[in-house]
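Coordinate-derived values only; no laboratory data. All of these numbers come straight from a predicted model, not from anything done at the bench. Cβ coordinates were reconstructed from backbone atoms using ideal geometry, including for glycine residues, and neighbour counts include every protein chain displayed.
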Amino acid sequence: MKPKLRFVVTGILIFAGVVFSPVISEADDLLLDGIVTHKQYLIELSGTIMNETFSGVQALLTVMPPSYGSLHPYQIMIQGFPKKNSRNTFFWHSDDTEMTAIANDITSEIKRTIVKSVPIHFFFLSPTLLNQMIFLTQQDDERKRLAERTALPTRIGAQAGKLKLRIYSNSVSGTIWIKGYDNVEKAYVQYSASLYGKRSFKLEQSQQFKK
């Protein structure tokens, strides 16, 4: 091959590598294109409720095709894992919200309505309930820990809330806040958390085996 022709061919190959390689790598990491079945992500939550901080709480995030007749591009459901009603977890379903999606950024917000309640909720171990149990067990440290393990968290229905996610094919991150009325505390309580997780193929496979 002549030197001049070799230079031209080399230049074309370098140009092709610069232009097309990033596009391919980005396409491999997109979530929104071609969702035909569910995808699951095991996530960890850290945040606050009232004066309580928490971390290491696990939840399962599932992305699915949209419900029949839905205007949303897909469904998003989040619930506690392995227990759905464990302390500081929550339940969220995007069908009961208003959703916007731009590329991989998704916002799901509870509809502004006073007519219909939504099934979205979170679980909080109300301090009043815990203090009552500790009082009954004479307040020593060992019995306090036992009370925290055995007390049932209060289910607090959402009256407002917003979920913001950035979802890729193998990872997810975001924030959430939910506000509702705690009948035990006789006060409004807000749940706020950040989340991060990875795609879980094992959970998807185990669910397929159960069908």
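Using 0.36 nm per residue, how much length does the chain from GLN159 to LYS198 gain when fully extended, once their Cα-Cα distance is taken away?
Additional length available on full extension: 11.1 nm.
Under a plain spin-label model, where a point goes 7 Å from the Cα along Cα-to-Cβ, how far apart in nm are GLU52 and THR175?
Output for this residue pair reads 2.2 nm.
What does the net charge come to around PHE90 if you take all other residues with beta carbon closer than 15 Å to its beta carbon, with K and R at +1 and D and E at -1?
Once all neighbours under 15 Å are counted, the net charge is +2.
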